[in-house]
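A.B. asks: Next up is a structure, given as structure tokens.
Please treat every number below as a calculation from the coordinates, not as lab data. The structure presented is a predicted model; accordingly, all values stated were derived computationally and were not measured. With ideal geometry, Cβ positions are generated from the backbone for all residues, glycine too; neighbour counts draw on all protein chains shown.
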Amino acid sequence: MTDAPAVYPVPPDFAAKARVNREQYERLYGESIDDPAGFWGRVAARLDWMRAPTKIKDVSYKLDDFHIRWYEDGELNASVNCLDRQLAERGDKTALLFEPDDPNQPARAVSYRELHRRVCKLANALRNLGVRKGDRITIYLPMIPEAAVAMLACARIGAIHSVVFGGFSPNSIADRVSDCQSKLIITADEGVRGGKKIPLKANVDAALKLPGTNTVETVLVVRHTGGAVDMQMPRDRWYEAVVDDQPEQCEPERMNAEDPLFILYTSGSTGKPKGVMHTTGGYLTYVSYTHETVFDLREDDVYWCTADVGWVTGHSYIVYGPLANGATAVMFEGVPNYPDFSRFWQVIDKHKVTLFYTAPTAIRALMREGDGPVKATSRKSLRLLGTVGEPINPEAWRWYNDVVGEGRCPIIDTWWQTETGGILITPLPGAIDAKPGSATKPFFGIRPAIVDANGQILDGATEGNLVLLDSWPGQMRSVYGDHQRFIDTYFKTYPGMYFTGDGCRRDADGYYWITGRVDDVINVSGHRIGTAEVESALVSHPKVAEAAVVGFPHDIKGQGIYAYVTLVAGEADSEDLRKELVAWVRKEIGPVATPDHLQWAPGLPKTRSGKIMRRILRKIAENAPDQLGDTSTLADPSVVESLVKHRRDA
Ligand code: 6R9
């Protein structure tokens with residue numbers, strides 16, 4: 001126990017000016033639950049509609065009559081909302097403030113007018129290349145303004161973008177391209193992070209040699225580092241060359257509110273990553289409203305979210321939310337520790353950042369370096385801090401609050417998922433007192449509940465699995481190409497409810513504390529990795545017979561990846577082979593999935609019916625062999641003893 005406070009009240013001067021204060025939160029939350037259609041109908045008026053919606057909400061989670069529709073007769077275009085409508089008042093305002101990896105290179109401000117022009121030009125170029133409404137476009141770019149330009153250009157012509165994180169391997173690109181049958185890829189020669197080059201174009205070349213990718217007709221290549229790349233004509237085209245002489249105006253496509261805006265692949269507990277599909281009207285309404293309300297956005301804010309556009313946080317809270325609100329958003333190409341551990345705080349000073357949003361893993365890594373690198377900077381401009389991606393431990397929360405924010409800035413711990421589109425549980429900074437480690441209370445319209453293993457709703461202070469009882473406009477609508485998988489994954493475990501996959505505790509004050517995934521998803525530095533994906537990468541190696549992968553607690557990353565590997569009979573284990581297998585997984589999926597530990601397992605603990613008992617493997621990985629629990633169903637108990645004996649030290 002420490003004597004640090006358990007509750008951090010809303011700073012009174014913040015509350016006095018906040019968009020939403022305590023009393024307004026209670027009132028608006030009540031209204032949003034009592035009359036969702038009335039509430040969300042009013043919220044939708046914040047967007048520019050080509051045809052205003054009259055049918056607001058039509059949702060049923062019932063398995064025999066399943067549908068989710070928001071604003072179904074409305075029409076709009078997302079790029080018009082992010083760009084055109086800002087021009088009158090905010091044409092010269094900075095939309096994106098690009099801060100390069102190398103601090104000695106100049107930052108670049110892109111105004112709303114310039115962004116509009118660039119988006120229109122690319123949108124025209126895409127149309128010229130034959131891209132039509134509903135076509136899928138893969139975007140594999142570094143954190144440069146062209147990433148936002150590419151997303152918005154797709155939105156302008158009704159093409160569905162699928163952004164693939166720059167850290168993913170050729171195999172992962174190929175899987176995603178083939179799943180959605182992309183017609184075109186937008187990439188760059190290379191990315192650069194922490195001074196290291198990432199061969200983006202070469203990765204695309206390798207991906208397009210793999211089966212299932214021959215739908216791709218064109219690859220547009222942004223010249224970013226100037227590094228040498230192979231251009232394979234006529235497939236590959238320089239971005240500049242196709243965009244340069246395009247007109248600066250582009251007629252936007254009229255989109256139905258329920259038309260898809262994008263697909264974003266995310267890991268689940270089984271099989272290959274699923275293409276989470278978001279729609280236009282509900283998604284944009286939700287991200288713009290949450291971005292304004294949760295971050296207490298004001299006209300002169302400089303907002304910085306450190307996520308990559310390859311993840312949902314980048315989609316919702318770098319691109320769509322902030323731009324729909326006419327905000328100034330920093331786009332940072334680099335990493336927190338390059339050239340040194342002061343980088344984040346230096347960027348904050350340089351651009352006078354007021355709202356800062358990052359991940360617990362980054363906070364923990366920076367906290368480990370002590371207060372010095374933080375205190376070397378001013379951070380006077382900051383007025384709010386946010387976190388996202390994984391549970392934040394109270395020590396890291398307090399360091400963020402006390403050292404980074406000097407106790408001046410409220411912290412918003414925002415819980416949400418790729419599937420939810422936007423933030424669902426979070427303190428509103430002027431309304432809800434913080435408790436370190438708790439995402440606190442539901443946003444407007446959100447009805448969280450905690451259920452036991454049988455789906456029984458538990459009341460009061462309790463712990464169990466987190467479900468959502470009703471829909472909100474930003475909810476995903478389908479798994480691309482596999483609607484049944486959407487229903488099976490999220491609505492079958494507890495019929496009539498959306499199951500989040502997260503465990504959760506609620507305290508006596510009604511605060512929610514997310515305890516982490518309860519399914520076979522590992523959250524590594526805020527990135528979701530399915531155990532099944534890593535296992536299938538391992539068993540695709542010719543020397544591997546079987547593999548089981550679990551998460552284990554990791555000081556910096558939150559969770560690490562622990563792999564148990566059984567070799568094919570006759571193969572000998574060795575340090576070289578261990579390294580080879582770790583490198584193999586990196587190559588198959590990407591560096592985010594690199595196993596931290598790989599233990600040889602002559603056998604895996606299985607039930608008599610042959611099911612791997614992961615619960616036991618997790619306990620061994622956690623180094624808690626005294627908590628193995630019931631092992632009576634094991635087919636061969638000696639397997640466990642041997643694994644415990646040869647555990648790899650963390
Ligand atoms: C936005 C994003 C979703 C999973 C989610 C949960 C974890 C996210 C959290 C959090 C505790 C928070 N998670 N935010 N856990 N507190 N504030 O991260 O989306 O990549 O899909 O991950 O991340 O486990 O289920 P995504």
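A.B. asks: Measuring from centroid to centroid over Cα atoms, what is the spacing of the range 56-125 and the range 162-198 in Å?
C.D. replies: 21 Å
A.B. asks: Here is a further query. What shape does the range 309-359 have by the C-alpha gyration tensor, where a ≥ b ≥ c are the square roots of the eigenvalues, rounded means a/c under 1.5, and otherwise prolate means a/b greater than b/c and oblate the rest?
C.D. replies: oblate
A.B. asks: Residue by residue through the range 9-20, what is 3J(HN,Hα) from phi via Karplus (6.51 cos²θ - 1.76 cosθ + 1.60, θ = phi - 60°)? Round to whole Hz and write x for glycine and proline.
C.D. replies: Residue by residue, the range 9-20 yields x, 4, x, x, 6, 5, 4, 4, 9, 5, 4, 10 Hz.
A.B. asks: Ok, one more. Specify which residue in the list 324, 207, 76 is farthest towards the positive end of the charge dipole of the chain, using unit charges on the beta carbon of Lys, Arg (+1) and Asp, Glu (-1), about the Cα centre.
C.D. replies: Farthest towards the positive pole: 207.
A.B. asks: Still on this structure, please answer the following. Using only the Cα atoms, work out Rg/Rh for the chain, with Rh taken as the Kirkwood radius, to two decimals.
C.D. replies: 0.95
A.B. asks: What does the charge dipole of the chain about its Cα centre add up to, to the nearest 20 debye, if the Cβ of each Lys and Arg holds +1 and the Cβ of each Asp and Glu holds -1?
C.D. replies: 500 debye
A.B. asks: With a 10 Å radius around each residue's Cβ, average the other Cβ atoms per peptide and rank 148-161, 128-141, highest first.
C.D. replies: Ranking the peptides 148-161, 128-141 by packing returns 148-161, 128-141.
A.B. asks: To the nearest 20 debye, what charge dipole does the range 35-334 have about its Cα centre, counting +1 at the Cβ of each Lys and Arg and -1 at the Cβ of each Asp and Glu?
C.D. replies: For this selection, approximately 460 debye.
A.B. asks: Compute the Cα gyration tensor for the range 576-647, then decide on rounded, prolate or oblate, letting a ≥ b ≥ c be the square roots of its eigenvalues: rounded whenever a/c is under 1.5, prolate when a/b is larger than b/c in the other cases, and oblate in all that remain.
C.D. replies: Judged from the Cα gyration tensor, the range 576-647 comes out prolate (a/c at least 1.5, a/b above b/c).
A.B. asks: Same structure, new question: Quick one: grab the alpha carbon gyration tensor of the range 525-646, order the square roots of its eigenvalues as a ≥ b ≥ c, and give me rounded if a/c is under 1.5, else prolate or oblate depending on whether a/b is larger than b/c.
C.D. replies: Here the range 525-646 falls in the oblate category.
A.B. asks: Something else now. To the nearest Å, what is the center-to-center distance of the range 561-625 and the range 311-325, using C-alpha atoms only?
C.D. replies: Cα centres, the range 561-625 to the range 311-325: 37 Å.
A.B. asks: Suppose only helical runs count, i.e. DSSP H with n ≥ 4. What mean residue ellipticity at 222 nm does that imply for the chain under -39500 (n - 2.57) per run, divided by all residues and rounded to the nearest 500 deg cm²/dmol?
C.D. replies: -8000 deg cm²/dmol, from helical runs alone.
A.B. asks: Sticking with this one: Considering only 282, 138, 416, whose Cα is most displaced toward the positive end of the charge dipole of the chain, charges sitting on Cβ of Lys, Arg (+1) and Asp, Glu (-1)?
C.D. replies: Of 282, 138, 416, it is 138.
A.B. asks: For the range 204-342, divide the Cα radius of gyration by the Kirkwood radius and give the resulting Rg/Rh value with two decimals.
C.D. replies: Checking Rg against Rh, the ratio lands at 1.00.
A.B. asks: Give the long-range amide H neighbours of residue 20: residues separated by 5 or more places, or on another chain, with amide H under 5 Å away, using H modelled in the peptide plane at 1.01 Å from N.
C.D. replies: So residue 20 has HN proximity to 430.
A.B. asks: Right, next: Less than 22 Å apart at the alpha-carbon level, and either on another chain or at least 8 residues along: which lysines does that give for residue 441?
C.D. replies: Result set, ordered by chain and number: 17.
A.B. asks: In addition: What is the sum of charges around residue 195, taking Lys and Arg as +1, Asp and Glu as -1, for the other residues whose C-beta is under 9 Å from the C-beta of residue 195?
C.D. replies: Once all neighbours under 9 Å are counted, the net charge is +1.
A.B. asks: How big is the Rg/Rh ratio for the range 35-334, C-alpha atoms only, Rh by Kirkwood, two decimals?
C.D. replies: The Rg/Rh ratio comes out at 0.96.
A.B. asks: Tell me which residues come under 5 Å, amide H to amide H, from residue 470 once H is placed; ignore anything under 5 positions away on its chain.
C.D. replies: Excluding prolines and chain starts, which carry no amide H, the hits are 447.
A.B. asks: Here is a follow-up. Provide the net charge surrounding residue 470, with neighbours chosen by a C-beta distance below 11 Å and charges set as Lys +1, Arg +1, Asp -1, Glu -1.
C.D. replies: Residues close to residue 470 contribute a combined charge of +2.
A.B. asks: Let me check against my output: what whole-number percent is the relative contact order of the range 407-516, with C-alpha pairs under 8 Å and at least 6 apart?
C.D. replies: Relative contact order here is 25 percent.
A.B. asks: With a Förster radius of 25 Å, plug the Cβ-Cβ distance of residue 630 and residue 452 into 1/(1 + (r/R0)^6) and report the FRET value to the nearest 0.05.
C.D. replies: Efficiency at R0 = 25 Å is approximately 0.85.
A.B. asks: Taking 0.36 nm per residue of sequence separation and subtracting the Cα-Cα distance, how much length would be gained by fully extending the chain between residue 240 and residue 58, in nm to one decimal?
C.D. replies: 61.1 nm
A.B. asks: Compare the peptides 447-454, 581-588 by average per-residue count of other Cβ atoms within 10 angstrom and give them in order, highest first.
C.D. replies: Final packing ranking: 581-588, 447-454.
A.B. asks: Also, I was wondering about something else. Placing unit charges on C-beta atoms (Lys and Arg positive, Asp and Glu negative, everything else neutral), compute the dipole magnitude of the range 329-482 about its Cα centre in debye, rounded to 20.
C.D. replies: Its charge dipole is roughly 680 debye.
A.B. asks: Just want the answer: with Cβ charges of +1 for Lys and Arg and -1 for Asp and Glu, which residue in 538, 448, 466 is farthest toward the dipole's positive end in the chain?
C.D. replies: It is 538, whose Cα lies furthest towards the positive end.
A.B. asks: Something else now. For the chain, what does the relative contact order come out to in percent, with C-alpha contacts under 8 Å and a separation of six or more?
C.D. replies: 13 percent
A.B. asks: A follow-up question, please. Is there a pair in 93/352; 183/587; 579/606 whose C-alpha atoms are over 19 Å apart, and which pairs would that be?
C.D. replies: Distance filter (> 19 Å) returns 183/587; 579/606.
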